[in-house]
Every structure is written in C-alpha cells, then in structure tokens.
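The structure appears below as structure tokens.
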Amino acid sequence: EALADASRAHHIIIYGCEDLATNKISWNCNVFCAHGSPRILFAWAKNAPPTTMPKDVAFRVGPGTGAQYLILQIHYAVALPGNAPDDTSGVRLTLSSQQPQFLAGILLFVAYNIHIPPHTPKIHSDITCQYMGQTTLYPLAFRVHAHSLGKVISAYHNNGSWYQIGKGNPQWPQAFYPITAQHSIKPNEYLAARCTYDASEKQAYTNIGGTNDDEMCNFYMMYY
C-alpha cells in the first residue's frame, strides 16, 4: 500500500536485491544491486489503490531469494523547493513467515527507444520477446505506465494464436488490475506489448526518459 500522493510522488517502485551496490541509506537513482539485476516487487502511480495478493500467492523476500534488501525508489512529480519539509512518501508492506502455495513475480515489458514526432495523433511503440524461463507462468494482474501522451497500453501472448493479457489506459489510476481469465504462458512462447501515444498538441519530438516531458512504455505482468 503506497503512503503517497500523486501531486508529489509521480511513481514509486520497490526493488529487491541480494546485495547492495552502495552502503548509503539514500542516494540518487542509479545502480541498485552489487550483483545481478534488481527484482521488481511493487509499482504505484496516480493514486492507485493498494495491491492485494490472491490467497496462497506472495512474493518471496529474505536471504537467498534475490531480495534480501529492499530498495524504495521514488520519482517526484515536481522538484521540491529547498525549504520544503522532508518528504514522507513510502509504502506499507504486509509480511508473513508462512510459505504460500505459489510464488509471485513481475515480468516487465519496457521500450527503451521511443521517438514520438510532434503533431501526431496516433503513433505506436511495440515490444516483443520470447519467454525463456523454465516454468509455466500464470498471469494474475497487470499494470500499465506511461506519461501524459500515453493513451492505451496492451500486452499479448502467442502460443500459436494471439491472446490478450491485459489492456489499460495509463491516464487512469495505475494500479495492478486483476486478470480474471485462466491463462498459462509456457517456456519458449512469445510475448508482445504495444503503447499508443497522442502527440497532436506537442511542438517537438518526445523521447524516452524519466521526466514529465519525456515518455515511457511499460507493461507490468504480475504472475505466479
């Protein structure tokens, strides 16, 4: 559950690392983990409601899980003035020592190169990859993320036929919305996502980046 307001915190992400690349308590966004890639455990934006996990599904954290350390990352909507009080944005977690029946994870579809021309009412950015894991994934929720130009983000699974995993408007509260259809993604099958933008009011090119003047193309698929 995010303890934050979108007027100050643009978005919040929790990452897990087995070891940290710094011994600082807080630092500007850069590398997180000393070894390996960070695991995404939670993401929030636009005053989304809390994320509730299904019964018998949870993320595994602690020593030996790849998430012994948790990193809270906040991107701010606007720069805080020098005399502003300390920010209190954060996240409330619910932990249990009981091992659930199923372990959760998040697969992130992300576009790293976007060049959106001005005065363009509709333009797409597409992502595709082959799932190279060793176990079957069962999607249970999805979340989309873009900035002001984003209109719709969708993701699909191909196992000989195309199936829609989820579709959402990034201007709505960016919660994890449940996937109600029973669906499975097996090793070596293909996944794809598409982000659609409206730059009809823009006067210059828009590229990928972390500020409000840039854009992003993210589809988060939570699975067990």
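The values are calculated or read from the model by the stated rules, or taken from the named source; none is laboratory data. Values in this document were obtained by computation on a predicted structure and should not be read as measured data. Reconstructed Cβ throughout: ideal geometry from the backbone, glycine too, with neighbour counts over all protein chains shown. Side chains included, ligands, DNA and RNA excluded: accessible areas come from the protein's heavy atoms. Shrake-Rupley method; radii C 1.70, N 1.55, O 1.52, S 1.80 Å.
Go ahead and run the numbers for FRET between Ser161 and Asn28, Cβ-Cβ distance against an R0 of 35 Å, rounding to 0.05.
So the FRET efficiency works out to roughly 0.20.
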Legend entry - Any cysteine of the chain lacking a neighbouring Cys Cβ under 4.7 Å - listed by number: Cys29, Cys129
Legend entry - Using a Förster distance of 41 Å, the FRET efficiency for Phe102-Ala204 (Cβ separation, nearest 0.05): 0.30
Inset, instruction - State, to one decimal in nm, how far the label point of Ile123 lies from the label point of Lys46, with both points 7 Å from Cα in the Cβ direction. - result: 2.1 nm
Inset, instruction - Restricting things to alpha carbons, find the Rg to Rh ratio for the stretch 137-224 using the Kirkwood radius for Rh. - result: 1.03
Inset, instruction - Give me the distance in nm between label points sitting 7 Å out from Cα along the Cα-to-Cβ direction at Ser7 and Asn113, one decimal. - result: 4.1 nm
Legend entry - Accessible surface of the chain, 1.4 Å probe, proportion on carbon and sulfur as whole %: 52 percent
Inset, instruction - Quote the FRET efficiency, to the nearest 0.05, computed for Ala181 versus His35 with a Förster distance R0 of 41 Å and r equal to the Cβ-Cβ distance. - result: 0.65
Legend entry - Relative contact order %, the stretch 88-183, counting alpha carbon pairs below 8 Å whose residues are six or more apart: 22 percent
Inset, instruction - Would you pull out the residues with amide H under 5 Å of Val152's amide H, same chain only if 5 or more places away, H placed 1.01 Å from N? - result: Thr196
Legend entry - Distance between the stretch 10-59 and the stretch 140-169 - C-alpha centres, whole angstrom: 21 Å
Inset, instruction - Please get the size of the charge dipole for the stretch 81-224, origin at its Cα centre, with Cβ charges of +1 on Lys and Arg and -1 on Asp and Glu, quoted in debye to the nearest 20. - result: 460 debye
Inset, instruction - Starting from the Cα of Lys151, draw a straight line to each of the aspartates and glutamates and keep only those under 15 Å, dropping any in the same chain fewer than 8 residues away. - result: Asp126, Asp198, Glu201, Asp214, Glu215
Legend entry - Three-way shape label, the stretch 124-173, alpha-carbon gyration tensor, a/c 1.5: prolate
Inset, instruction - Could you tell me the accessible area of Thr128 in Å² (1.4 Å probe, neighbours in place), rounded to the nearest ten? - result: 100 Å²
Inset, instruction - For the stretch 125-209, state which chymotrypsin sites (Phe, Trp or Tyr not before Pro) are in a DSSP loop and have at most 14 other beta carbons lying within 10 Å of their beta carbon. - result: Tyr205
